[in-house]
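The structure appears right after this line, and notes come after that.
The values are calculated or read from the model by the stated rules, or taken from the named source; none is laboratory data. These figures come from a predicted structure and were not determined experimentally. With ideal geometry, Cβ positions are generated from the backbone for all residues, glycine too; neighbour counts draw on all protein chains shown. All accessible areas refer to the heavy atoms of the entire protein, side chains included, with ligands and DNA or RNA removed. Shrake-Rupley method; radii C 1.70, N 1.55, O 1.52, S 1.80 Å.
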Amino acid sequence: MENVSIADLWDRVTGTQPDPPWWLVLLVGVVALGAVAHGPTWRVARNTVTIAHEGGHALVALLTGRKLDGIKLHSDTSGVTVSRGKPHGPGMILTALAGYLTPPLLGLFFALLLAGGRITLMLWFSLALLGGMLVMIRNAYGALSVIATGAVVFAVSWLGSAEVQAGFAYLAASFLLLAAVRPVVELQRMRARHMAPSSDADQLAHLTGVPGLAWVSLFGAVALLALVTGGALLVPDVSLPDLPGLPTP
């Protein structure tokens, strides 16, 4: 096995990589859309969104000075993050707000990295987030989900060819951007049927006095804005070949 120095590893992670071919970007975009639209696939792929959602709650809880007790992920793709601190105030509000905002904003951040050619950095940043989250997981299914996701990302980033890494990275970013919209729709559907009395939107309504529908609207607006902006960053620049006999500009 080839020896890799710390300097080589640092250059590999922080350096830039060439853009993938346009057809690969479009292909993984279609695959990501299919994973969100196809019910059986979505029920499995949604675990990734839950990891990001609960990770957002946990990170903001720590950043606002709350005591994080742990995170649980469940096989029905639900999750819960338990933190201690004041049951009201900015810290609690921001913690409740972070869940639905994290997947689209993370997808947008990934798109920014990929637009700058930082494919490997994006993959290893994902590994760092998963590693930090694993420490706070408090159930077996949650640990298995995070470890399995991290193992796939590590295998791709360490063993995959440049094209495989690029395809996987663009797939992950595209999926997060597209997938962030569907849980918001599902949330409001459940709220309309009075099936989610303790949802993030309803907790925010209790904490702030602002109606839950307003918070759902905010979640949806951020998800759509991230999708449009991130999609514009990911869409490849397809240059048409020069036609013979026509002057080039």
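Some points to look at:
- For the stretch 93-105, the set of residues classified as within 15 Å of Phe175 (Cβ to Cβ) and either surrounded by fewer than 23 Cβ atoms within 10 Å (Cβ to Cβ) or hydroxyl-bearing (Ser, Thr, Tyr) (or both) consists of Thr102, Leu105, listed by residue number.
- Leu213 at pLDDT 95 or above, assigned to a helix (DSSP H, G or I) and surrounded by fewer than 18 Cβ atoms within 10 Å (Cβ to Cβ): yes
- Verdict on Lys72 being modelled with pLDDT of 95 or more, more than 23 Å from Thr229 (Cβ to Cβ) and among the charged types (D, E, K, R): yes
- The listed residue being open to solvent by 40 Å² or more (accessible area, probe 1.4 Å) and assigned to a helix (DSSP H, G or I), out of Leu171, Leu187: Leu171
- Hits in the stretch 30-62 (condition: open to solvent by 20 Å² or more (accessible area, probe 1.4 Å), touching a residue at least 24 places away in the same chain (Cβ under 8 Å) and over 15 Å from the mean Cα position of the chain (by Cα)): Val31, Arg43, Val60
- Residue in the stretch 70-92 that is open to solvent by 70 Å² or more (accessible area, probe 1.4 Å), part of a helix (DSSP H, G or I) and among the aliphatic types (A, V, I, L, M) present: no
- Here Leu129 meets each of (1) closer than 13 Å to Ile51 by Cα; (2) among the hydrophobic types (A, V, I, L, M, F, W, C); (3) surrounded by fewer than 20 Cβ atoms within 10 Å (Cβ to Cβ); (4) over 17 Å from the mean Cα position of the chain (by Cα) with one exception, condition (4).
- Index of the failed condition, Val235 passing every other in (1) modelled with pLDDT of 95 or more; (2) over 20 Å from Gly89 (Cβ atoms); (3) open to solvent by 60 Å² or more (accessible area, probe 1.4 Å); (4) within 23 Å of the chain's Cα centre (by Cα): (1)
- The condition of being within 17 Å of Leu234 (Cβ to Cβ), touching a Leu at 6+ places or on another chain (Cβ under 6 Å) and among the hydrophobic types (A, V, I, L, M, F, W, C) holds for Leu177.
- Hits in the stretch 178-202 - residues which are closer than 28 Å to Thr229 by Cβ and polar (S, T, N, Q): Gln188, Ser199
For (1) among the basic types (Lys, Arg); (2) open to solvent by less than 40 Å² (accessible area, probe 1.4 Å); (3) in contact with a helix residue (DSSP H, G or I) (Cβ under 6 Å, 6 or more places away or on another chain), each residue gets a yes or a no:
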| residue | (1), (2), (3) |
| --- | --- |
| Leu177 | no, yes, yes |
| Pro197 | no, no, no |
| Gln203 | no, no, yes |
| Gly209 | no, no, no |
